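S.K.: First the structure, then my questions, so here it is.
The values are calculated or read from the model by the stated rules, or taken from the named source; none is laboratory data. Here the structure is a predicted model, which is why all the values come from computation and not from measurement. Here the Cβ positions follow ideal geometry from the backbone for every residue, glycine too, while neighbour counts run over all protein chains shown. Each accessible area value is taken on the protein alone, full model and side chains, heavy atoms only, with ligands, DNA and RNA left out. Shrake-Rupley method; radii C 1.70, N 1.55, O 1.52, S 1.80 Å.
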Amino acid sequence: MHDFYYNGKELYCEGVAVKDIAAEVGTPFYLYSHKTLTDHYTKLAKAFKSVKPLICFSMKANSNLAVLKSLVKAGAGLDIVSGGELFRALKVGVDPKKIVYAGVGKTRQEIQDAIKAGILLFNVESTGELVAINEIAGKLKKKVNVSLRINPDIDASTHSYVTTGKKESKFGIDLNTAEAVFLDRARYHHIDLCGIHVHIGSQITVSEPFVKAFRKVLIFMMQLEKHGTKIKFLNFGGGLGIIYSDEKPQTADEFAEKILPLLKGSKFQVVFEPGRFICGNAGIFVTRVLYPKKTQAKNFIVVDGAMNDLIRPSLYDAHHDVLAVTKNEVLKRIKADVVGPVCESGDFLAKDRNIPDFQAGDLIALMGAGAYGFTMSSNYNSRPRVPEVMVSGSKFEIVRKRESVADLIKGETIPSFLK
Ligand code: LLP
């Protein structure tokens, strides 16, 4: 499943002991396994190879250049949601014809830059944005491919913050409106409205919601084709769940087994936009114990990492397994919270866990932190962002260096009236 394992008492990432990396890089830091990353991409590509899918890694999950380059070299395209992500994507040399651009609100500048870069496809979620893309493409004398994002009104049975396919969510266009938009497509001279996009949410561990949504979309597509609309791209989004604790998510093969029969005889290009499935278990967050603190009510392990570094526990009550980087059998187990130095009660990395009675200086790994870990980190409490490290085999390299305090004030000025 992933390449983090114990060799005796030591936690390893591929062929490198995590404690050796900590000694060189300092703590906290993110650590990625190149092998796990590329293996997950390959698993999905293999499972669907009969339909030759375009797998666009959803780079909001992890946009480090080394991560992107690893996947692009393995054959992946990229799913972007901003001008910043376009910039990163082009930096790693991905073929623009493997870039899909999603999101509910692209600015005119972002649209223009993406058209100029020659991306494959925009996923659009409102007629306002269709009008804008049409206008900008016209000025650039281009015709661009667009998919409409459908809101299939399906409950993905996941955390409410990451459910996107219900009719109450801001995402997508309902089927009736979408049909009207397709029938009216001739008015957009500079757009080839030739795709359907659906993404119903994230960390979905069972196949049923996907099957339900894809069925709805396929029926919709057949309806459209009857009216003479040619669909070239069917983009099924991302959302495949992974194991954080005791989830039993579908494997790539099980997922393909459910989905491939729906795609029999299809002539369109199938697109996927997985993020977490590819990089979630390929990364860990490593932090060092500062002070164990026992109060009358609870035990706390105060560490040097915090909610600004890994916000998923605070934001979604997300679970990341807590492992000792070096096992110490002498330590008894206690129930404790792992907390950071940030001045908020919501600053915790783990809550009420049965974990070793860690001592000052011990290293702790928070597992499954490769997706939405570093990308959601911030400088809150003026904490410099942590480094990212990638292991391949028996080697490791820093792929983003630790920010300095000088980085914290980059771009800030004291106004002249205060000088
Ligand atoms: N496509 C679209 C249009 C998306 O909005 C997303 C994620 C993906 C693909 C990739 O989804 P994935 O395969 O990673 O589930 N920060 C949250 C997750 C937010 C997901 C946002 N959209 C978390 O930490 O759980």
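S.K.: If you scan segment 285-322, which residues turn out to be more than 19 Å from C343 (Cβ to Cβ), within 16 Å of the ligand (Cβ to nearest atom) and touching a helix residue (DSSP H, G or I) at 6+ places or on another chain (Cβ under 8 Å)?
M.R.: Within segment 285-322, R312, Y316, A318, H319, H320 qualify.
S.K.: Moving on to the next point. Of all residues in segment 349-376, count the ones that are within 16 Å of the ligand (Cβ to nearest atom) and surrounded by 21 or more Cβ atoms within 10 Å (Cβ to Cβ).
M.R.: The qualifying residues number 10.
S.K.: With segment 175-274 as the region, which helices (runs of 4 or more DSSP H) entirely inside it contain at least 3 residues that are of a type in the set (D, E, K, R) and assigned by TED's automatic domain parsing to the domain that holds M59?
M.R.: 208-226, 252-259
S.K.: Hey, does segment 299-311 have a residue that's closer than 22 Å to H159 by Cα and not in a loop (DSSP other than H, G, I, E, B)?
M.R.: Among the residues of segment 299-311, not one is closer than 22 Å to H159 by Cα and not in a loop (DSSP other than H, G, I, E, B), which makes the answer no.
S.K.: Out of all the residues in segment 328-346, which are surrounded by fewer than 20 Cβ atoms within 10 Å (Cβ to Cβ) and within 29 Å of N379 (Cβ to Cβ)?
M.R.: D337, P341, V342, C343, E344, S345, G346
S.K.: Test N281 against the criterion of being within 16 Å of the ligand (Cβ to nearest atom), assigned to a helix (DSSP H, G or I) and under 18 Å from L366 (Cβ atoms), and give yes or no.
M.R.: Criteria met by N281.
S.K.: Right, something else. How many residues does segment 163-191 hold that are in contact (Cβ under 8 Å) with a residue 40 or more places away in the chain and buried (at least 16 other Cβ atoms within 10 Å of the Cβ)?
M.R.: Residues meeting the conditions: 13.
S.K.: Condition check: assigned by TED's automatic domain parsing to the domain that holds V198, under 17 Å from the mean Cα position of the chain (by Cα), farther than 30 Å from G265 by Cβ and away from the ligand (no atom under 16 Å from the Cβ). Does G83 satisfy that?
M.R.: It is true that G83 is assigned by TED's automatic domain parsing to the domain that holds V198, under 17 Å from the mean Cα position of the chain (by Cα), farther than 30 Å from G265 by Cβ and away from the ligand (no atom under 16 Å from the Cβ).
S.K.: Taking the options V270, V325, name whichever one is buried (at least 18 other Cβ atoms within 10 Å of the Cβ), over 30 Å from R400 (Cβ atoms), of a type outside the set (D, E) and more than 12 Å from the ligand (Cβ to nearest atom).
M.R.: Exactly one of V270, V325 is buried (at least 18 other Cβ atoms within 10 Å of the Cβ), over 30 Å from R400 (Cβ atoms), of a type outside the set (D, E) and more than 12 Å from the ligand (Cβ to nearest atom), namely V270.
S.K.: Please count how many residues of segment 132-156 are assigned to a helix (DSSP H, G or I) and touching a Lys or Arg at 6+ places or on another chain (Cβ under 9 Å).
M.R.: Counting residues in segment 132-156 that are assigned to a helix (DSSP H, G or I) and touching a Lys or Arg at 6+ places or on another chain (Cβ under 9 Å) gives 6.
S.K.: So which residues in segment 241-260 are among the charged types (D, E, K, R) and over 13 Å from R276 (Cβ atoms), if there are any at all?
M.R.: Listed by number, the residues that qualify are D246, K248, D253, E254, E257, K258.
S.K.: List every residue pair whose Cβ atoms lie under 7 Å apart, where the two residues are 6 or more positions apart in sequence or sit on different chains, the first residue falls within segment 140-151 and is free of Cβ contacts under 8 Å to residues at least 12 places away in the same chain and farther than 21 Å from F214 by Cα, and the second residue, located anywhere, is open to solvent by 10 Å² or more (accessible area, probe 1.4 Å) and aromatic (F, W, Y).
M.R.: none
S.K.: Could you identify the single residue in K49, K9 that is farther than 28 Å from I364 by Cβ, of a type in the set (D, E, K, R) and surrounded by fewer than 22 Cβ atoms within 10 Å (Cβ to Cβ)?
M.R.: Values: K9 fails: farther than 28 Å from I364 by Cβ.
Answer to the selection: K49.
S.K.: Going through segment 109-128 one residue at a time, which ones are assigned to a helix (DSSP H, G or I) and either within 13 Å of the ligand (Cβ to nearest atom) or touching a Lys or Arg at 6+ places or on another chain (Cβ under 7 Å) (or both)? Working first, answer last.
M.R.: Of all residues in segment 109-128, those assigned to a helix (DSSP H, G or I) come to 109-117, 127-128.
Result: I115, single match.
S.K.: Here is a further query. Looking only at segment 279-288, decide whether some residue is in contact (Cβ under 8 Å) with a residue 24 or more places away in the chain and either surrounded by fewer than 18 Cβ atoms within 10 Å (Cβ to Cβ) or farther than 17 Å from L31 by Cα (or both).
M.R.: No: segment 279-288 contains no residue that is in contact (Cβ under 8 Å) with a residue 24 or more places away in the chain and either surrounded by fewer than 18 Cβ atoms within 10 Å (Cβ to Cβ) or farther than 17 Å from L31 by Cα (or both).
S.K.: Another question, if that's okay. Within segment 222-241, how many residues are of a type outside the set (V, I, T) and either open to solvent by less than 10 Å² (accessible area, probe 1.4 Å) or within 9 Å of the ligand (Cβ to nearest atom) (or both)?
M.R.: Adding up the residues that qualify gives 9.
S.K.: Return yes or no: is D337 within 16 Å of the ligand (Cβ to nearest atom) and either in the same structural domain as R402 (by TED's automatic domain parsing) or of a type in the set (D, E) (or both)?
M.R.: It is false that D337 is within 16 Å of the ligand (Cβ to nearest atom) and either in the same structural domain as R402 (by TED's automatic domain parsing) or of a type in the set (D, E) (or both).
S.K.: Tell me the residue from K106, K98, K141 that is at pLDDT 95 or above and over 27 Å from the mean Cα position of the chain (by Cα), please. Explain how you work it out, then say what you get.
M.R.: Values: K106 fails: over 27 Å from the mean Cα position of the chain (by Cα); K98 fails: over 27 Å from the mean Cα position of the chain (by Cα).
One residue alone meets the criteria, K141.
S.K.: Moving on to the next point. So which residues in segment 70-108 are open to solvent by less than 30 Å² (accessible area, probe 1.4 Å), in a loop (DSSP other than H, G, I, E, B) and not basic (K, R)?
M.R.: G75, A76, V92, V94, A102, G103
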